[in-house]
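Scroll down for the structure; my scribbles are underneath it.
Values quoted throughout were computed directly from the atomic coordinates according to the rules given, and no laboratory measurement underlies them. Not measured: the values here are computed from a predicted model. A quick note on method: Cβ atoms are made from the backbone with ideal geometry, for glycine too, and the neighbour counts reach across all protein chains shown.
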Amino acid sequence: MTYRHPTIDEALVTALQSGQNFRDACRHVGVSRSAAYRRRRVDPKFSAILDAARAHGLAAKAKAAVEPWLHGYS
């Protein structure tokens, strides 16, 4: 059986969007990685949402990393 809890889902998406990796995001929201991976396997829509959230988080981290080079150091 997999978990289905909107509050946990939203918190997991938010954690991934903030740039956390999957392990840390799961730990942050209090769900085991195995439960989250199981949920991803059985729910393609949820999996796509998590993939998009992770991509957003990685893009934000990449932007933050190169921004000083684009605008010079202060």
- From DSSP H assignment alone, runs of 4+ in the chain each adding -39500 (n - 2.57), the sum over residues rounded to the nearest 500 puts [θ] at 222 nm at -25500 deg cm²/dmol
- Using only Cα atoms, find the angle between the long axis of helix 44-71 and the longest principal axis of the chain, and express it within 0 to 90 degrees, rounded to the nearest 10. 10
- Let me know the longest stretch in the chain that avoids all chymotrypsin sites (Phe, Trp or Tyr not before Pro) found in a DSSP loop with at most 13 other C-beta atoms within 10 Å. 4-72
- Task: Using θ = phi - 60° and the Karplus relation 6.51 cos²θ - 1.76 cosθ + 1.60, list the HN-Hα couplings for the range 13-19 in order, rounded to whole Hz, with x at every Gly or Pro.
- Result: 4, 4, 5, 5, 5, 7, x
- Task: Any chance you could list the semi-axes, whole Å, largest first, of the equivalent ellipsoid that the Cα gyration tensor gives for the chain, using √(5λ)?
- Result: 29, 11, 9
- Note on the structure: Checking the chain for trypsin sites (Lys or Arg not before Pro) in a loop per DSSP with at most 14 other beta-carbon atoms within 10 Å yields 4
